[in-house]
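Some notes on the structure that comes next.
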Amino acid sequence: MVSTPLTGGITNLHYKIDADGKSYVLRITGADTDKLGIRRDVEYCANLAAGRLGRSTPPAATDTPTGCSARIFDFAPTIPRTPTFARRSPAGLNASDTI
């Protein structure tokens, strides 16, 4: 396993983790981010929905109380930019989808 710090975070620490032929981004949340209005439970649901829509990689693992998370490392996910996607994205998920 190889861990490489990633720069650029304002409130969190990020590391690229290479293990077993896969790469992940591990996020360790900063202290008192709840005082900034960050709701990790809502963030998790948004990240899950974005992954299902193909806008981001979905969380591979999340500790909701702390907000620490890991996801597959994908530096440039493919984001479709078509009229069909634009019409579909506001509704996003079907009513039967569970978040």
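Pairs are defined by a Cβ separation below 7 Å, a sequence spacing of at least 6 or placement on different chains, a first member in the range 34-50 that is farther than 13 Å from THR62 by Cβ, and a second member that is modelled with pLDDT under 85 and polar (S, T, N, Q); the pairs so defined are ALA50/SER56.
Test of understanding: among LYS35, LYS16, which residue is surrounded by 14 or more Cβ atoms within 10 Å (Cβ to Cβ), charged (D, E, K, R) and at pLDDT 85 or above?
Details: LYS35 fails: surrounded by 14 or more Cβ atoms within 10 Å (Cβ to Cβ).
After applying the criteria, what remains is LYS16.
The C-beta contact set for the range 11-32 (first residue basic (Lys, Arg), second residue surrounded by 13 or more Cβ atoms within 10 Å (Cβ to Cβ) and outside any strand (DSSP E or B), distance under 7 angstrom, 6+ apart or interchain) comprises LYS16/PHE73.
The values are calculated or read from the model by the stated rules, or taken from the named source; none is laboratory data. Remember, predicted model here, so these are calculated numbers, not experimental data. Please note: Cβ atoms are built from the backbone with ideal geometry, for glycine as well, and neighbour counts cover all protein chains shown.
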